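Some notes on the structure that comes next.
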Amino acid sequence: MPSVYPPGNERIYVVDALRGFAVMAIMLLHFLEHFIYNSYPVASSPMMEAANQQFKEVFFFLFAGKSYTIFALLFGFTFAVQYRNQARKGRDFAGRFVWRMCLLAVFACMNAAFFPGGDVLLTFSLAGLLLVPCRRLKTSSLVALSLFFLAQPLEWAYAAVQWMHPGWVPPSLSVAESYASLKSAVDTGNFWVMAWENLTTGQWASLAWGIEAGRLMQAPGLFLLGFVLLYRLEYFRKATAPLLTYGRMSLTNYVSQSVIGSLIFFPYALGLAPYCGYLASFAVGFAAMTGQIWFCRWWLERHRYGVLEGLWHRATWLAAGKVSAPEHR
C-alpha cells in the first residue's frame, strides 16, 4: 500500500479507493458535459459525429448515476464510522455532524460558483441531516427506512393524487428555464455574473432537479444503506490502488475539478467548449485527472490531510477547543 497511509488500517483503503473511483467518474462525466455548458463544435464529418455520440452513450451507460450511488453509499458509511468511534469515547456525534453538514453546504457553494448546474453536495448536506434522528435505530429499522426512501414515496404520492384527480399534474419547478438562464450567464464571459447566477439560480435548479429526478428521496435511502462489498475482490483492490490518494482528497478533487473545468471551457477564461467534442473533452478531463492524482500523492507525502479535507476537519472540531485526529474523514 502507498506510504502515505498508516499501516494496519484497511478500512481507510476501502473507503478511499471507492470514493476515488466515484470522484474520478464524476469528473470525467462533467468534462464530457462541459460542466453542463451546452457548447460543442460541429463535427468535421458524419463519421466523427457518430464516433463522438457513440463514445458519449457508452461512457454515460457505464458511469452516469453509478458514481453518484457509490458516493452516496460512502457518505452514509462514513457517518456510521464517525458516530461509532465518537460513541466509544462517550460522545454523541449528532451536534458535531449537523455543524459538519453546514460546513459541507459552504463547500457546495464554493464549488457551485464555478459549476452552472448547482452542486449535489448541497443536496447531501440537507439530506444528510436525516441521519441524525436515525442514528440509534436498529438495523432492521434502518433497512426498512432506506427501502422506503428508495421506493420514491413522492412519486407514489403524485400517482395517488393523479388517480383520484385525473386532470391534476405535478407542480412544475421550472428546471429547464433555470438552466437556460444559467447558460446565458456563462455566455456573458463575466465571471461575477456567472458566479452569482450559479449560486442563486443554479443551486435552486440543482435542488429542483433533485426533486423531479428522485434524487432528493434517493439520497437519504442510499445514506442509510451505506456499506462496502466490492472491495473484497482482490482484482478490484489492485485496479483501484492508484486511486487511494485520489479518494483520500476527494473533497479537494471534487471542488477543484469544477474550477479547472470552468477555466478551460467557459468564455470568461479560455473558452474552449466550442472547440472540444466528447472525445477531446474526455482527453482533456483525463489529463486534468492525471494531474490531480500526481498532486494528491505529492501533497499527502508532505501533509496529513488534503487541502479542503484539513479545513473541514479543523472547522468541524473548532468549537470543541482543540482539533483531535479523526478516525476517518
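The values are calculated or read from the model by the stated rules, or taken from the named source; none is laboratory data. Worth saying up front: this structure is predicted, and the values here are computed from it rather than measured. Here Cβ is always computed from backbone atoms with ideal geometry, including for glycine, and neighbour counts include all displayed protein chains. Please note that ligands, DNA and RNA were not included when accessible areas were found on the heavy atoms of the full protein model with its side chains. Shrake-Rupley method; radii C 1.70, N 1.55, O 1.52, S 1.80 Å.
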For the range 254-308, state the semi-axes of the equivalent ellipsoid (square roots of 5 times the eigenvalues of the alpha-carbon gyration tensor), sorted largest first and rounded to whole angstrom.
26, 13, 7
Along the range 289-305, what does the Karplus equation 6.51 cos²θ - 1.76 cosθ + 1.60 (θ = phi - 60°) give for ³J(HN,Hα), rounded to whole Hz, x for Gly and Pro?
5, 4, x, 5, 4, 4, 4, 4, 4, 4, 5, 6, 6, 10, 9, 6, 10
Probe 1.4 Å - accessible area at Met164, Å² to nearest ten:
120
Could you work out the relative contact order of the range 10-137, using alpha carbon pairs under 8 angstrom and six or more residues apart, expressed as a whole percent?
26
On the Cα set of the range 82-188, report Rg and Dmax in Å, please.
19.2, 57
Which residues in the range 23-67 have a backbone N closer than 12 Å to a point placed 7 Å from the Cα of Leu279 along the Cα-to-Cβ line?
43-56
What is the percent carbon and sulfur in the accessible area of the chain, measuring with a 1.4 Å probe over the protein chains and ignoring ligands?
68
Roughly how many nanometres apart are two label points built 7 Å out from the Cα toward the Cβ at Arg304 and Ala213?
3.8
Inter-label distance, nm, simple model (7 Å from Cα along the C-beta direction), Asn38/Gln162:
2.3
Amide proton proximity set for Ala43, modelled H, under 5 Å, gap of 5+
none
Quote the relative contact order of the chain in percent (integer), defining contacts as alpha-carbon pairs under 8 Å separated by 6+ residues.
34
Divide by every residue of the chain the summed helix terms, -39500 (n - 2.57) for each DSSP H run of at least 4, and state the resulting mean residue ellipticity at 222 nm, rounded to the nearest 500 deg cm²/dmol.
-21000 deg cm²/dmol
Please turn the phi angles of the range 25-41 into ³J(HN,Hα) values with the Karplus equation 6.51 cos²θ - 1.76 cosθ + 1.60 (θ = phi - 60°), one per residue in order, whole Hz, x for glycine and proline.
5, 4, 4, 5, 5, 5, 5, 5, 7, 6, 6, 6, 9, 7, 9, 9, x
Would you mind giving the three semi-axes, in whole Å and largest first, of the ellipsoid equivalent to the range 101-151 according to its Cα gyration tensor?
28, 13, 5
Dipole moment magnitude, nearest 20 debye, the chain about Cα centre, only Lys, Arg, Asp, Glu C-beta charged:
1660
Sorted on mean Cβ neighbours within 10 Å (highest first), peptides 208-216, 120-128 come out as 120-128, 208-216
Sorting Glu177, Glu309 by accessible area (1.4 Å probe), largest first, what list results?
Glu177, Glu309
How big is D for the range 50-92, in µm² s⁻¹ as a whole number, if Stokes-Einstein is applied with the Kirkwood radius of its Cα pairs at 37 °C and 0.692 mPa s?
254
Pair Val98, Glu49: separation of 7 Å Cα→Cβ label points (nm):
5.6
